1. At 222 nm, what helix-only mean residue ellipticity would the chain give, in deg cm²/dmol to the nearest 500, using -39500 (n - 2.57) for each DSSP H run of four or more?
2. Roughly how many debye, to the nearest 20, is the charge dipole of the chain about its Cα centre, given +1 on each Lys and Arg Cβ, -1 on each Asp and Glu Cβ, and no other charges?
3. Under a plain spin-label model, where a point goes 7 Å from the Cα along Cα-to-Cβ, how far apart in nm are GLU4 and LYS18?
4. Taking the solvent-accessible surface of protein heavy atoms with a 1.4 Å probe, what is the per residue accessible area of the chain in Å²?
5. Got a sec? Charge dipole of the chain, +1 on Cβ for Lys and Arg, -1 for Asp and Glu; which of TYR40, MET1, GLY20 is way out at the positive end?
6. If you roll a 1.4 Å probe over the chain with all protein chains in place, what percent of the accessible area is carbon or sulfur?
Amino acid sequence: MLSEVITLWYKLYGQTLKRGKCEQQRLLKIDKIMGHHRAYQITKLFFICL
């Protein structure tokens with residue numbers, strides 16, 4: 001799931017950023033709005049169609 005990738009990103013890099021927690025929450029909200037797709041299903045075409 002994309003949310004797992006977002007959580008991993010936060011653990012490995014995001015927590016070093018000043019606004020890392022805010023970015024993690026923002027990305028998780030976007031994931032929820034998009035319908036909790038699997039990471040491999042997200043392509044640039046997906047964003048063009050939004």
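1. The helix contribution divided over the chain gives -19000 deg cm²/dmol.
2. For the chain, the charge dipole is close to 180 debye.
3. Placing both labels 7 Å along Cα→Cβ, they lie 3.4 nm apart.
4. Counting only protein heavy atoms, the per-residue value for the chain is 85 Å².
5. GLY20
6. 62
The values are calculated or read from the model by the stated rules, or taken from the named source; none is laboratory data. All values derive from a computational prediction rather than experimental measurement. Neighbour counts run over all protein chains shown; Cβ positions are idealised from the backbone, glycine included. Protein only, heavy atoms only, side chains kept; ligands, DNA and RNA dropped before computing areas. Shrake-Rupley method; radii C 1.70, N 1.55, O 1.52, S 1.80 Å.
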